[in-house]
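Here is the structure we will look at.
No value in this document is a laboratory result; all are computed from the given coordinates. Everything numeric here is computed off the predicted structure, so don't read it as measured data. We place every Cβ from the backbone using ideal geometry, glycine too, and count neighbours over all the protein chains shown.
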Ligand SMILES: [Zn+2]
């Protein structure tokens, strides 16, 4: 499953977004005797995108979610400089 692609219809941005995500995950917390923590085997149980906003516009009012075909077409058409 590939992550979604976004486009800002206001400015044409295809590459820079602030994404707020709610994520529930399970992980193995492995402590050394001295108390240093290493987090291993992170398993994402559920994940949902709460908010997407354009880095350039500073809001998400014009964000579109692209399917794979639309994303390929948008990239070929050329967005603003990455
Ligand atoms: Zn924008």
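For segment 5-35, a residue qualifies if it is part of a loop (DSSP other than H, G, I, E, B), in contact with a strand residue (DSSP E or B) (Cβ under 9 Å, 6 or more places away or on another chain) and away from the ligand (no atom under 16 Å from the Cβ), and exactly one does: 32.
Scanning segment 28-36 turns up no residue that is surrounded by 14 or more Cβ atoms within 10 Å (Cβ to Cβ) and either at negative phi or in contact with a helix residue (DSSP H, G or I) (Cβ under 9 Å, 6 or more places away or on another chain) (or both).
Cβ-Cβ distances below 9 Å connect the following pairs, each with a first residue in segment 20-49 that is farther than 30 Å from residue 63 by Cβ, a second residue that is part of a loop (DSSP other than H, G, I, E, B), and a separation of six or more residues or different chains: 38/32. None of 53, 48, 2 is under 12 Å from the mean Cα position of the chain (by Cα) and not in a strand (DSSP E or B) except 2.
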